[in-house]
Ligand code: ATP
Ligand code: MG
């Protein structure tokens, strides 16, 4: 029994999908120009597909699970297929943009306009929710040139940095959806496949947690220890070891990325020295 996973054949999610599997300890051959491959050390078969096709393949059970952008799932699979885990890469937003020269005050300015997009489903829902009536022009690629060639007044397209919009004389005016890569699954997995999926999810969560946390080591004068320990959350509580030099200790702990800089500053103020911060590879709590 194997679990079959569909990932993007090439494109923005391809490398990060493979990297995630590798970080989960799963060895596969990189499959550009291949349809499928097998992991050597996990019962996993990998299918390489166009991202647009992944939701359908998983829904139909041709693949059991898949890695794909949330944007694609919401557009192509209605009602959306089961999401089992957000993956933290492929982050982008589906945004509305208009020519920089257009005066834009609110979404009402889009009423009666022509909007070009590759996401007619998501855009249609958004406009309905906002009470806007607009003409949706579905085009499959290079949406950003539509206003320049007179095909549309506005566009709704994926954006990450915004540089493509800028180069095409457009400005971003509304966020329609925030998206990242997700792991989706067919609902009719066998018990054995469910178990394999649970194993994979367990590994993915360990990798994700590790990425959000850092291991920190520092030296503290013993008379400042309690204050310094008070600043450190740690997995259970920080580890404290005596240094060879009397009156000093080494303190080890784990810090979350979000609180990282604030805590480092407080630690220095409290008298910590020789602070080392190192990446964590896997983290199981
Ligand atoms: P395919 O050949 O598989 O159909 P594609 O050209 O449709 O590929 P890509 O451009 O490779 O798709 O994007 C894949 C996914 O990457 C998007 O659906 C989206 O979830 C995510 N993504 C992240 N940042 C961006 C961005 N700036 N522009 C477009 N997609 C992005
Ligand atoms: Mg595509």
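The values are calculated or read from the model by the stated rules, or taken from the named source; none is laboratory data. Note that this is a predicted model, so its numbers are computed, not measured. Backbone-built Cβ (ideal geometry, glycine too); neighbour counts: all protein chains shown.
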| query | Of the residues 241, 218, 200, which single one is modelled with pLDDT of 95 or more, surrounded by 15 or more Cβ atoms within 10 Å (Cβ to Cβ) and not in a helix (DSSP H, G or I)? | reply | 218
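For the structure I just gave you, tell me whether residue 105 is within 26 Å of residue 174 (Cα to Cα) and without any contact (Cβ under 8 Å) to a residue 40 or more places away in the chain. Step through it out loud before you land on a result.
Working: within 26 Å of residue 174 (Cα to Cα): yes; without any contact (Cβ under 8 Å) to a residue 40 or more places away in the chain: yes.
Judged against the criteria, residue 105 is a match.
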| said: Based on this model, can you work out whether residue 241 counts as in contact (Cβ under 8 Å) with a residue 12 or more places away in the chain, in contact with a strand residue (DSSP E or B) (Cβ under 7 Å, 6 or more places away or on another chain), away from ligand 1 (no atom under 16 Å from the Cβ) and under 22 Å from residue 280 (Cα atoms)? | reply: no
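So how many residues does the stretch 158-177 have that are closer than 17 Å to residue 118 by Cβ and in a strand (DSSP E or B)?
Going through the stretch 158-177, the residues closer than 17 Å to residue 118 by Cβ turn out to be 158-160, 164-165, 168, 170, 172, 174-177.
Next, only the ones that are in a strand (DSSP E or B) stay: 158-159, 170, 172, 174-177.
Counting residues in the stretch 158-177 that are closer than 17 Å to residue 118 by Cβ and in a strand (DSSP E or B) gives 8.
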| remark: Residues of the stretch 244-285 being more than 30 Å from residue 19 (Cα to Cα) and assigned to a loop (DSSP other than H, G, I, E, B), in sequence order, are 244, 245, 246, 247, 270, 271, 272
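In the stretch 95-116, is there at least one residue being within 16 Å of ligand 2 (Cβ to nearest atom), under 20 Å from the mean Cα position of the chain (by Cα) and within 22 Å of residue 144 (Cβ to Cβ)?
Step one: of the stretch 95-116, the residues within 16 Å of ligand 2 (Cβ to nearest atom) are none.
Scanning the stretch 95-116 turns up no residue that is within 16 Å of ligand 2 (Cβ to nearest atom), under 20 Å from the mean Cα position of the chain (by Cα) and within 22 Å of residue 144 (Cβ to Cβ).
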| field | Of the criteria (1) at pLDDT below 95; (2) touching a strand residue (DSSP E or B) at 6+ places or on another chain (Cβ under 7 Å), which one residue 65 fails | value | (1)
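I need the full set of residues from the stretch 13-30 which are out of contact with any strand residue (DSSP E or B) (no Cβ under 8 Å at 6 or more places or on another chain) and within 14 Å of ligand 1 (Cβ to nearest atom), in order please. I'd like the intermediate steps shown before the answer.
Within the stretch 13-30, the first condition is being out of contact with any strand residue (DSSP E or B) (no Cβ under 8 Å at 6 or more places or on another chain), and the residues that meet it are 15, 19, 22-25, 27, 30.
The one that is out of contact with any strand residue (DSSP E or B) (no Cβ under 8 Å at 6 or more places or on another chain) and within 14 Å of ligand 1 (Cβ to nearest atom): 15.
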| query | Can you tell me which residue in the stretch 27-47 is farthest from ligand 2 (Cβ to nearest atom), limited to those that are crowded, with 19+ Cβ neighbours inside 10 Å and farther than 16 Å from residue 193 by Cα? | reply | 28
| said: Considering only residues that are under 24 Å from residue 28 (Cα atoms), assigned to a strand (DSSP E or B) and more than 10 Å from ligand 1 (Cβ to nearest atom), which ones fall in the stretch 68-97? | reply: 83, 84, 85, 86
| When the stretch 1-26 is examined, which residues are found to be more than 16 Å from ligand 2 (Cβ to nearest atom) and under 23 Å from the mean Cα position of the chain (by Cα)? | 3, 4, 5, 18, 19, 20, 21, 22, 23, 24, 25, 26
